[in-house]
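To start, the structure itself, in structure tokens.
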Amino acid sequence: MTMLGRDRCRRLLLMTIACVVIIASAAYAYADMDINPSLRKMLSDEISKTIGDAPQIVSVRIMKGYDFINLPAGVEFKSISPLVYAGKNRFTTLLALNSKGNKAAESMIEVVYDVLVDVFVASRYIQRGVTITEDDFYAVKQRRSRLSRSVVQDKADILGKIAKVSVNEGSVILADHMTSSMIFKRGHKVSVIVEGDNIALASSGILKSNASLGGAATVQCESSKREVTGILISPTTVRIKL
């Protein structure tokens, strides 16, 4: 093959590759289309009947049939057939429409949807051992498909729970961050606060047995070696009321 022939072959190969790239880009663009509002509502209403939530339509892709994406002028969407499950957050359905000129047409489409749910973010630093109140967090909307299973989506799973670990302000609250009760083992070091009408004393000691946060705790004071019983009010403090 001559040098000129090689150059022509190389140019043809490059043009073929460029065409394939352009075609692939166009097909992908179908999934990122600006969805027609009436079609969006039609799909949302139908999917809602199946999943029981208000879905967010993420994308619509034409699999075969009338191309209403590239020729949208004058299109009227009439109805959709029953949805066929095609994978997580994905359905296929047959869409009936009137094309430009009021001619009946059909398109087989693939619909990808998501659901917006509440997740909860710490509104301030939550210290380990603190009982969580409504002032400690706020809700934001996120797509459910992007969330891990450990993200809390129900406020009732947070309120009144105890922070098992410290949570920084602005962090999404996870199920692993909380517990219904905290157990501190024998030998755990604590401060002992003795409170009376006209007295307040502080000492240090160790737990003589396992104790739960908010429950009774027996402590051996380091200085006197005496054992006293109080309430474990925080991971580091036992309070004794005289």
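The values are calculated or read from the model by the stated rules, or taken from the named source; none is laboratory data. This structure is a prediction, so every number in the text was calculated from the model and none was measured. With ideal geometry, Cβ positions are generated from the backbone for all residues, glycine too; neighbour counts draw on all protein chains shown.
Could you tell me whether any residue of segment 177-187 is of a type in the set (A, V, I, L, M, F, W, C), buried (at least 16 other Cβ atoms within 10 Å of the Cβ) and within 30 Å of K88 (Cα to Cα)?
Yes - at least one qualifying residue is present in segment 177-187.
Can you tell me which residue in segment 83-141 is surrounded by the fewest Cβ atoms within 10 Å (Cβ to Cβ), limited to those that are without any contact (Cβ under 8 Å) to a residue 24 or more places away in the chain and among the acidic types (D, E)?
That would be D135.
Take the conditions under 30 Å from V219 (Cα atoms) and either surrounded by 12 or more Cβ atoms within 10 Å (Cβ to Cβ) or among the acidic types (D, E) (or both) and apply them to V165. Does it pass?
The answer is yes for V165.
Answer yes or no as to whether A31 is under 29 Å from R144 (Cα atoms) and at pLDDT below 50.
Details: under 29 Å from R144 (Cα atoms): yes; at pLDDT below 50: yes.
Criteria met by A31.
Looking at segment 198-220, I want the residues that are in a strand (DSSP E or B) and have a partner that is among the acidic types (D, E) with Cβ atoms under 6 Å, at least 6 apart or on another chain. Which pairs are those?
S204/E222; G205/E222; T218/E227; Q220/E227
How about segment 113-155: which of its residues are in contact with a helix residue (DSSP H, G or I) (Cβ under 9 Å, 6 or more places away or on another chain) and assigned to a helix (DSSP H, G or I)?
Scanning segment 113-155 gives E134, K155.
Consider segment 128-155. How many of its residues are more than 16 Å from the chain's Cα centre (by Cα) and at pLDDT below 90? Steps first, please.
Keep residues of segment 128-155 that are more than 16 Å from the chain's Cα centre (by Cα), which gives 128-136.
Remaining after also requiring at pLDDT below 90: 128-131.
Residues in segment 128-155 being more than 16 Å from the chain's Cα centre (by Cα) and at pLDDT below 90: 4 in total.
When the residues of segment 86-97 are narrowed to those that are at pLDDT below 90 and in a strand (DSSP E or B), which ends up farthest from G74 (Cα to Cα)?
This residue is G87.
When segment 221-235 is examined, which residues are found to be in a loop (DSSP other than H, G, I, E, B) and either loosely packed, with under 12 Cβ neighbours inside 10 Å or assigned by TED's automatic domain parsing to the domain that holds G129 (or both)?
Matches in segment 221-235: S223, S224, K225, R226.
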